[in-house]
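The values are calculated or read from the model by the stated rules, or taken from the named source; none is laboratory data. Model, not experiment: these values are computed from the prediction. Here the Cβ positions follow ideal geometry from the backbone for every residue, glycine too, while neighbour counts run over all protein chains shown.
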Amino acid sequence: MSLSHLSLLAILVPDYDAGIAFFCDMLGFDLLENTDMGAGKRWVRVAPKGAQTEFLLARAVGDQAQAIGAQGGGRVWLFLRSDDFDADYTALKAKGVHFEESPRDEPYCKVVVFRDPFGNRWDLLGPAKL
C-alpha cells in the first residue's frame, strides 16, 4: 500500500465564515481553499502553516447541527502543537480564545485545554520541560 498521511479531517461548523474567522483570524491557520460548490455549499480547507493534515470546514445541515462541538464526545479530541508554547498561549488568550484552565506541565509536554467557539475541546501542546 502507498498510504502516506492523513490528508483531511472534517470539522462541523454552523457557518463557513465563522469557521474561517476562528481558524484563520484567531488561530492563524492558512485558508488553503474556499471554493463555491453551488447550492450554498463550499469546499473550505484550512491548516496550520506547514501542516500535512488539513481541516475541511463542513457546514452542518439539518440533524448534523446537533453534532457541532460534540464530534469528540465531550473529550479533548484536537491537539495543536506549538514550538513556542508561552508566546502562543499569550497571543491566543489576547485574541479571546477561551481557555478552560491554566497551562500545566505533564511528563509528555506542556499543555492547556481550550474550547473553540463551536464547543470542540482542544489541547495546545508545547515541548516538555527537561
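Annotations
- Contact map, region 19-33: first residue within 16 Å of A94 (Cβ to Cβ) and part of a helix (DSSP H, G or I), second residue of a type in the set (D, E) and modelled with pLDDT of 95 or more, Cβ cut-off under 7 Å, separation 6 or more or different chains; pairs are F22/D116.
- Every residue from region 96-108 that is surrounded by fewer than 11 Cβ atoms within 10 Å (Cβ to Cβ) and touching a helix residue (DSSP H, G or I) at 6+ places or on another chain (Cβ under 9 Å): G96
- Counting only strands (runs of 3 or more DSSP E) that fall entirely inside region 39-130 and contain at least 2 residues that are without any contact (Cβ under 8 Å) to a residue 40 or more places away in the chain, the qualifying elements are 41-47, 110-115.
- When Q66, Q52 are screened for being at pLDDT below 95 and surrounded by fewer than 16 Cβ atoms within 10 Å (Cβ to Cβ), only Q52 passes.
- Odd one out for G73 among (1) surrounded by 11 or more Cβ atoms within 10 Å (Cβ to Cβ); (2) out of contact with any strand residue (DSSP E or B) (no Cβ under 7 Å at 6 or more places or on another chain): (1)
- The residue of region 81-101 that is farthest from the chain's Cα centre (by Cα), among those that are within 18 Å of K49 (Cβ to Cβ) and basic (K, R), is K95.
- Residues in region 76-89 that are surrounded by 13 or more Cβ atoms within 10 Å (Cβ to Cβ) and closer than 12 Å to V112 by Cβ: V76, L80, S82, F85, D88, Y89.
- Residue count for region 94-130, restricted to those that are among the aliphatic types (A, V, I, L, M) and farther than 18 Å from D84 by Cβ: 1
- Verdict on I11 being at pLDDT 95 or above, in a helix (DSSP H, G or I) and β-branched (V, I, T): no
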